[in-house]
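Structure first, commentary second.
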Amino acid sequence: MPGDEIGAMADSSTDTYLEALEEPERSTLGALRTMLGEIVPDGEECLAYGVPAIRWNGKLVAGYAAYRRHLSYLPHSGSVLASLAEETAGYETSKGALRFPVDAPLPRPLVEALVRARLTEIGSRPTG
């Protein structure tokens, strides 16, 4: 729910957002941050809608957030999760978010598939 984010600060950095979290949320989202940096090495970290995100060629590719009882991966698209229904089976999803446990990082192959689907959708491809 909007406003339910833990540590959401509209004018702060990704580091500040993550530092405001308790464990295990901080470590789990930190692992996701690292993965996204490896998958989109030339992506730009930013805050979008008050939560950390990666931007590629001016377009949002992925975001993530901590909530009271779960974490969310945000593809910044209404169709990415639907297009990967088989890969996201076992996770609670909505049109714009994939929820996962606070102490269980997302598997790298899933994050790669999510990023690849979003980059395909926006017509971009990371170099490197």
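The values are calculated or read from the model by the stated rules, or taken from the named source; none is laboratory data. None of the values given here were measured: they were computed from a predicted structure. Every residue, glycine as well, gets a Cβ built from its backbone with ideal geometry; the counts of neighbours run over all protein chains shown. Surface accessibility is based on the protein's heavy atoms, side chains included, excluding ligands, DNA and RNA. Shrake-Rupley method; radii C 1.70, N 1.55, O 1.52, S 1.80 Å.
Quick look at the values:
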read-out: Failed item, numbered, when G123 is tested on (1) in contact with a helix residue (DSSP H, G or I) (Cβ under 8 Å, 6 or more places away or on another chain); (2) open to solvent by 30 Å² or more (accessible area, probe 1.4 Å); value: (1)
read-out: The stretch 60-69, residues that are under 23 Å from E22 (Cβ atoms) and either in a strand (DSSP E or B) or touching a residue at least 60 places away in the same chain (Cβ under 8 Å) (or both); value: A62, G63, Y64, A65, A66, Y67, R68
read-out: Residue in the stretch 70-88 that is surrounded by fewer than 16 Cβ atoms within 10 Å (Cβ to Cβ), in contact with a strand residue (DSSP E or B) (Cβ under 9 Å, 6 or more places away or on another chain) and either polar (S, T, N, Q) or assigned to a helix (DSSP H, G or I) (or both) present; value: yes
read-out: Extreme residue, farthest from T14 (Cα to Cα), among residues of the stretch 43-59 that are part of a strand (DSSP E or B) and open to solvent by less than 60 Å² (accessible area, probe 1.4 Å); value: W56
read-out: Output for the stretch 11-42, where each listed residue is closer than 18 Å to A117 by Cβ, β-branched (V, I, T) and open to solvent by 10 Å² or more (accessible area, probe 1.4 Å); value: I39
read-out: Given (1) polar (S, T, N, Q); (2) over 21 Å from P75 (Cβ atoms); (3) modelled with pLDDT of 95 or more, index of the condition T28 fails; value: (2)
